[in-house]
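A short write-up of the structure that comes next.
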Amino acid sequence: MQLYTERLLLRDITLDDQQDIFNYRSDAEANQFQGWIPETLEEVERFIQRNNKEFNQPESWYQLLITDKETKAVIGDIGVHFIGEENVQAEFGITINTSFQGKGYASEAIKAVIDHLFNDLHKHRITASVDPDNTPSIQLMERIGLRKEGHFVKSLFWKNNWVDDVIYAVLREEWPAK
């Protein structure tokens, strides 16, 4: 799986990427809103080995690495969850290395994935779950054209606490055409 944008290559993750992934994913402070913060390289290796081998499989998560097209630097990763047996909805989550934040890479990567999901795979609806305290992610969702669908109070049991969850979404007919 490969997607190209003006500056980025979104591609499959390989075992060769484990150190780069560990470097930005293991920063607990920077990734306070993430569900997975690896403590060892072995955890990253297991994560890579568990990654689904085929994109667009019902009821699966598929992780893509976000890299700089020219330098090959690892910028982050984006996960896509293909929801339901009917496989017409998807959810995404993104993690960007702090060294690359604030440069438009997240917007560029998400737009490429959404374009692919709607235009090539004909998905009906795409969502993202955001912690209400994660202001930069909320601003990102709104900037790229997702709408806030709901704020669910204490709806997720996360890190031994009940926390709120904000859902952003976009329908295919709402997304700008290519």
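A few points about this structure:
Residue-by-condition table, conditions (1) surrounded by fewer than 12 Cβ atoms within 10 Å (Cβ to Cβ); (2) of a type in the set (Gly, Ala, Ser):
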| site | (1), (2) |
| --- | --- |
| 137 | no, yes |
| 145 | no, yes |
| 150 | yes, yes |
| 157 | yes, no |
| 161 | yes, no |
| 166 | no, no |
| 170 | no, no |
| 174 | no, no |
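- Condition check for residue 131: surrounded by 15 or more Cβ atoms within 10 Å (Cβ to Cβ), over 20 Å from residue 67 (Cβ atoms) and charged (D, E, K, R): yes
- Scanning the range 140-155 for residues that are without any contact (Cβ under 8 Å) to a residue 24 or more places away in the chain and of a type outside the set (Asp, Glu) yields 148, 150, 151, 152, 153, 154, 155.
- Hits in the range 106-125 (condition: part of a helix (DSSP H, G or I) and either more than 23 Å from residue 76 (Cα to Cα) or out of contact with any Lys or Arg (no Cβ under 7 Å at 6 or more places or on another chain) (or both)): 106, 109, 110, 111, 112, 113, 114, 116, 119, 120
- Residue list for the range 85-129, filter: at pLDDT 95 or above and aromatic (Phe, Trp, Tyr): 92, 105, 118
- Complete set of residues in the range 1-53 that are free of Cβ contacts under 8 Å to residues at least 60 places away in the same chain, in a loop (DSSP other than H, G, I, E, B) and either exposed (fewer than 15 other Cβ atoms within 10 Å of the Cβ) or not small (Gly, Ala, Ser) (or both): 14, 28, 29, 32, 36, 37, 38, 39, 40, 51, 52, 53
- Residue match in the range 97-107 (condition: in contact (Cβ under 8 Å) with a residue 40 or more places away in the chain and β-branched (Val, Ile, Thr)): yes
Residue by residue, here is whether (1) farther than 15 Å from residue 126 by Cβ; (2) under 13 Å from the mean Cα position of the chain (by Cα); (3) open to solvent by 20 Å² or more (accessible area, probe 1.4 Å); (4) not aliphatic (A, V, I, L, M) holds:
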{"site": "65", "(1), (2), (3), (4)": "yes, yes, no, no"}
{"site": "69", "(1), (2), (3), (4)": "yes, no, yes, yes"}
{"site": "84", "(1), (2), (3), (4)": "no, no, no, yes"}
{"site": "88", "(1), (2), (3), (4)": "no, no, yes, no"}
{"site": "91", "(1), (2), (3), (4)": "no, yes, yes, yes"}
{"site": "94", "(1), (2), (3), (4)": "no, yes, yes, no"}
{"site": "97", "(1), (2), (3), (4)": "yes, yes, yes, yes"}
{"site": "100", "(1), (2), (3), (4)": "yes, no, yes, yes"}
{"site": "110", "(1), (2), (3), (4)": "no, yes, no, no"}
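The values are calculated or read from the model by the stated rules, or taken from the named source; none is laboratory data. The model shown is predicted, which means the values in this text are computed figures rather than measured ones. Cβ sites come from the backbone with ideal geometry, for glycine too, and all protein chains shown count toward neighbours. Keep in mind that these areas ignore ligands, DNA and RNA; they rest on the heavy atoms of the full protein, side chains included. Shrake-Rupley method; radii C 1.70, N 1.55, O 1.52, S 1.80 Å.
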